[in-house]
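Peer 1: Sharing a structure, written as structure tokens. Questions coming.
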Amino acid sequence: MDKPKPSTPPSRPPGGSAVKNLFPIDSDTHLLDRLNAIYKYRFLAGSVFLLVLLGAIVRTYTTTPMYRATTSVLIDDERGASVAGFNASTNADYSQDPEPYFQTQLRILQGRELSGRVVDKMHLENVPELNGQGPRRTGLAAAAQTIKTQLHNSFRKVIGGAAVNSAPASKPTHDSLVNAFLSKVTLEPIRGSRLVNVSITSSDPTFAAHAADTLVEEYVQQNSEMRTEATRRSLQFLSDEIGKQQEKLKDSERAMADYREHNNALSLEDHQNTVVASLNQLNDQYTRAKTERIQKETLYRQIEGLSPSANQLEAIPAIVQSPTVSAIRQRLNDLMREKSTLSERYGEKNPQVIANANAIDDANKQYQNALGGALASIKNDFQTALSQERRLGAELDAQKGAAMDLNRKGVSYTVLEREAQSNRQVYELLLQRQKELQVVSNSGGNNVRLMDRAVVPGAPFTPDVRKNLLLGSLAGVLLALGLVLAIDYLDDTVKTPEDITRRLKLPFLGLVPAVRGNTHPLLSQEVPHEFGEAFRALRTSLVFSSGAEGTRVIGITSAQPVEGKTTTACNMAIALAYGGSRVLLIDADLRRPSVSRTLGIENNIGLSHLLTGQATARQAIQRSPVQNLWVMTAGVTPPNPSELLSSDRMKTLITNVQTGPFDWVLIDTPPVLAVTDAVIIAPWVSGMVFIIGSEMTQRRLAERAVETLMTSRPHVLGAVLNRVDIIRNKYYYSRYYGYKYKNYYVRSNAA
């Protein structure tokens with residue numbers, strides 16, 4: 001068989017170096033990856049969204065409409081009222097912080113006692129919504145309930161039971177009515193104020209408004225009754241206490257009077273205390289007398305040792321300044337001046353001179369007598385002052401004794417007086433509180449009152465159709481997106497070139513798009529244009545990834561069956577043949593041969609006959625309908641495929657074809673995980689091509705297959721991503737191949 005001259009292949013690097021990644025794969029997760037997952041599972045996402053939205057719609061329109069009526073009540077501060085005002089003096093925290101009282105009133109509004117009054121007043125046992133019959137249903141809810149009841153009755157009739165009776169089984173208890181009513185009460189304090197909104201929710205708008213007003217009216221009435229009763233009890237208590245305190249006050253004052261009378265202690269009262277007044281008076285008199293005595297004693301001590309001569313006495317100012325002494329001394333001085341005048345004018349014998357001399361003698365005698373009298377007067381004054389001091393001292397000592405005795409009696413009296421004062425203060429305080437409570441009681445005031453009556457609601461409070469549909473749509477979107485992203489996250493199949501390069505660490509040779517409606521598409525048949533272009537690109541990758549000299553022998557395998565390994569091998573051979581190369585395709589999958597069925601040729605004599613010596617290579621090789629393509633089918637399935645493929649005959653066959661007339665020899669080997677045939681052949685060939693079905697093979701299985709294949713140390717190992725659904729993953733592939741490439745494939749498949 002002559003070897004035709006092949007067409008000049010594209011230039012390629014020398015040697016058998018491993019192929020580089022032909023597609024620039026971004027290792028970062030991109031938004032388009034998420035959009036690709038959403039687009040891939042769009043029908044599932046849409047179904048989930050519609051189911052959730054439908055559930056929200058059914059839930060909305062089967063829910064009984066509930067109406068909310070609201071009335072407002074004003075709760076003023078209780079400080080200054082009857083009981084609070086009385087207790088303010090003993091509870092400073094309460095009087096300063098009204099919040100505990102406000103919270104207490106809120107609890108009372110939601111209390112069972114108040115609700116029980118409303119139940120009795122409104123006869124709620126006749127309200128179907130509260131007596132166990134349930135709210136009146138309308139619209140879709142009524143229809144659903146009717147259907148449910150009919151089906152239930154029909155089922156019970158079939159099994160022999162009685163029909164369901166819609167009437168309540170028994171009369172509701174008062175406690176159950178109170179619980180049912182309380183479940184419909186809602187309180188909402190208005191921030192920054194003393195107003196509280198009281199709301200009732202019911203399926204009957206009129207009942208809701210009437211119940212809200214009744215609840216607040218009963219609360220106001222109850223509070224008024226409680227205040228009146230508390231005031232009455234307080235007044236009664238104060239009246240009793242005032243009587244008791246009045247008796248205590250009388251007893252204490254009577255004890256004080258008896259003590260004063262029996263102990264002769266009338267001066268114990270401040271306004272009748274003569275003992276203390278006398279003591280103070282005597283003390284002042286004694287002080288003055290003592291001072292006067294000291295002054296007179298000092299003067300007395302000055303004259304005590306003097307003789308009665310005029311010269312010594314004249315040295316004492318108190319004597320000289322005496323009126324009598326001073327007058328006589330003045331007269332004596334006048335006589336002496338007169339003597340001097342008469343002596344100059346008359347002689348000694350003159351009667352006037354003699355009379356003057358006699359007058360002088362008389363004046364001297366009188367002067368001496370006056371000095372002696374002044375001296376005696378000083379002594380007498382001293383003795384009198386001393387006697388006065390002693391007398392007042394004695395009286396003062398006696399008065400001090402009386403005061404000490406009164407003070408001893410005052411100790412017990414003070415105790416009695418303080419007790420009487422305390423009793424009087426309590427008595428006066430009780431009288432004041434009684435007057436205050438009487439004023440409050442007569443006023444009839446109430447610190448809580450109804451401000452705004454409830455208005456019959458014109459629209460239901462729930463269900464909120466717009467809100468429910470919006471939330472249903474949002475929940476549907478979130479659930480659909482979450483489910484899609486979860487499925488995509490849990491999907492660990494190999495589906496992108498990035499999975500091959502990053503996960504499997506293999507050079508990426510190319511991808512083959514899926515052809516819808518055709519399980520085994522061939523280039524020799526009518527196939528989409530992009531399918532043929534994919535194999536032309538793959539042919540270029542093989543040219544650059546294989547050795548440059550001699551026949552290039554390429555083994556083709558996959559991780560597991562049904563990944564399109566044989567179809568890919570046939571199309572690769574056809575693409576190489578179309579390029580002008582002489583190609584030999586060998587079907588080495590002796591267990592499940594598929595090349596003959598795929599290409600539509602006979603499988604009478606093939607590789608198994610050659611390896612067992614039943615046929616020669618020329619007999620086993622047959623020409624295919626495709627020009628430049630020869631095929632060696634698998635032949636009859638032998639009982640020992642692995643032994644035949646690992647035999648020296650197989651190794652010799654591969655060695656011979658490397659120097660034979662063919663440019664390319666493609667060997668279709670069994671899947672790696674099924675048997676070890678591909679691992680045996682891998683070291684003998686120029687390179688191995690690993691076929692991976694897109695979205696078919698799990699990454700862990702592919703990794704295991706690659707690890708198994710790498711144990712034989714193949715020269716070159718590249719991967720092809722087969723059966724790629726470009727339309728389903730168009731967002732992903734548009735990221736790597738561009739918008740025009742994506743649209744080109746989409747238009748081709750659509751055509």
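The values are calculated or read from the model by the stated rules, or taken from the named source; none is laboratory data. Everything numeric here is computed off the predicted structure, so don't read it as measured data. Cβ sites come from the backbone with ideal geometry, for glycine too, and all protein chains shown count toward neighbours. The protein model used for the area step is the full one, side chains on, heavy atoms only, and it has no ligands, DNA or RNA in it. Shrake-Rupley method; radii C 1.70, N 1.55, O 1.52, S 1.80 Å.
Peer 1: How many of the residues in the range 477-524 are surrounded by 16 or more Cβ atoms within 10 Å (Cβ to Cβ), part of a loop (DSSP other than H, G, I, E, B) and among the hydroxyl-bearing types (S, T, Y)?
Peer 2: Within the range 477-524, residues that are surrounded by 16 or more Cβ atoms within 10 Å (Cβ to Cβ), part of a loop (DSSP other than H, G, I, E, B) and among the hydroxyl-bearing types (S, T, Y) number 2.
Peer 1: Shifting gears a bit: Quick check on the range 82-101. Is at least one of its residues modelled with pLDDT of 85 or more and closer than 21 Å to S183 by Cβ?
Peer 2: No; the residues of the range 82-101 include none that is modelled with pLDDT of 85 or more and closer than 21 Å to S183 by Cβ.
Peer 1: Among (1) open to solvent by 90 Å² or more (accessible area, probe 1.4 Å); (2) assigned to a loop (DSSP other than H, G, I, E, B); (3) modelled with pLDDT under 80, there is one condition G445 misses while meeting the rest; what is its number?
Peer 2: (1)
Peer 1: Let me ask something else. Using the structure shown, decide if L74 is modelled with pLDDT of 55 or more, part of a helix (DSSP H, G or I) and either of a type in the set (D, E, K, R) or surrounded by 12 or more Cβ atoms within 10 Å (Cβ to Cβ) (or both).
Peer 2: no
Peer 1: Give the residues of the range 583-602 that are farther than 18 Å from P641 by Cα and open to solvent by 10 Å² or more (accessible area, probe 1.4 Å), sorted by residue number.
Peer 2: Listed by number, the residues that qualify are R597, T598, L599, G600, I601, E602.
Peer 1: Let me ask another. State whether the residues of the range 693-700 include one that is out of contact with any helix residue (DSSP H, G or I) (no Cβ under 9 Å at 6 or more places or on another chain), surrounded by fewer than 24 Cβ atoms within 10 Å (Cβ to Cβ) and without any contact (Cβ under 8 Å) to a residue 40 or more places away in the chain.
Peer 2: Within the range 693-700, none of the residues are out of contact with any helix residue (DSSP H, G or I) (no Cβ under 9 Å at 6 or more places or on another chain), surrounded by fewer than 24 Cβ atoms within 10 Å (Cβ to Cβ) and without any contact (Cβ under 8 Å) to a residue 40 or more places away in the chain.
Peer 1: Let me ask something else about it. Out of F544, F535, report the one residue that is part of a helix (DSSP H, G or I), at pLDDT below 85, closer than 25 Å to Q658 by Cβ and out of contact with any His (no Cβ under 7 Å at 6 or more places or on another chain).
Peer 2: Unique residue meeting the criteria: F544.
Peer 1: Quick one: in the range 648-674, which of the residues that are out of contact with any helix residue (DSSP H, G or I) (no Cβ under 8 Å at 6 or more places or on another chain) and not in a helix (DSSP H, G or I) is farthest from S712 (Cα to Cα)?
Peer 2: Per the criteria, the residue is P661.
Peer 1: If you take the residues in the range 228-275 that are at pLDDT below 80 and β-branched (V, I, T), which one is least open to solvent (accessible area, probe 1.4 Å)?
Peer 2: Among residues in the range 228-275 that are at pLDDT below 80 and β-branched (V, I, T), the one least open to solvent (accessible area, probe 1.4 Å) is V275.
Peer 1: Modelled with pLDDT of 90 or more and part of a loop (DSSP other than H, G, I, E, B), is that true of Q614?
Peer 2: The answer is yes for Q614.
Yes/no matrix, rows are residues, columns are (1) under 30 Å from S686 (Cα atoms); (2) at pLDDT below 50; (3) open to solvent by less than 50 Å² (accessible area, probe 1.4 Å):
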site: R704; (1), (2), (3): yes, no, no
site: T711; (1), (2), (3): yes, no, no
site: L721; (1), (2), (3): yes, no, yes
site: I727; (1), (2), (3): no, no, yes
site: R747; (1), (2), (3): no, yes, no
site: A751; (1), (2), (3): no, yes, no
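Peer 1: State whether the residues of the range 38-60 include one that is open to solvent by 40 Å² or more (accessible area, probe 1.4 Å), at pLDDT 85 or above, within 30 Å of S234 (Cβ to Cβ) and under 37 Å from the mean Cα position of the chain (by Cα).
Peer 2: No, there is no match, as no residue in the range 38-60 is open to solvent by 40 Å² or more (accessible area, probe 1.4 Å), at pLDDT 85 or above, within 30 Å of S234 (Cβ to Cβ) and under 37 Å from the mean Cα position of the chain (by Cα).
Peer 1: Among the candidates V512, V484, which residue alone is more than 20 Å from L538 (Cα to Cα) and in contact (Cβ under 8 Å) with a residue 40 or more places away in the chain?
Peer 2: V484
Peer 1: Of all the residues that make up the range 617-639, how many are of a type in the set (D, E, K, R) and assigned to a helix (DSSP H, G or I)?
Peer 2: Qualifying residue count, the range 617-639: 1.
Peer 1: State yes or no: is R623 open to solvent by 50 Å² or more (accessible area, probe 1.4 Å), touching a Leu at 6+ places or on another chain (Cβ under 8 Å), among the basic types (K, R) and at pLDDT 90 or above?
Peer 2: yes
Peer 1: I've got another one for you. Among the candidates P661, P638, single out the residue that is in contact with a Pro (Cβ under 9 Å, 6 or more places away or on another chain) and either open to solvent by less than 60 Å² (accessible area, probe 1.4 Å) or not charged (D, E, K, R) (or both).
Peer 2: The match here is P661.
Peer 1: Can you tell which of V178, V185 is of a type in the set (A, V, I, L, M, F, W, C), open to solvent by less than 80 Å² (accessible area, probe 1.4 Å), at pLDDT 85 or above and within 33 Å of the chain's Cα centre (by Cα)?
Peer 2: After applying the criteria, what remains is V185.
Peer 1: Condition (residue is open to solvent by 50 Å² or more (accessible area, probe 1.4 Å), in contact with a Ser or Thr (Cβ under 8 Å, 6 or more places away or on another chain) and not aromatic (F, W, Y)) applied to the range 669-681: is it met by at least one residue?
Peer 2: There is at least one residue in the range 669-681 that is open to solvent by 50 Å² or more (accessible area, probe 1.4 Å), in contact with a Ser or Thr (Cβ under 8 Å, 6 or more places away or on another chain) and not aromatic (F, W, Y).
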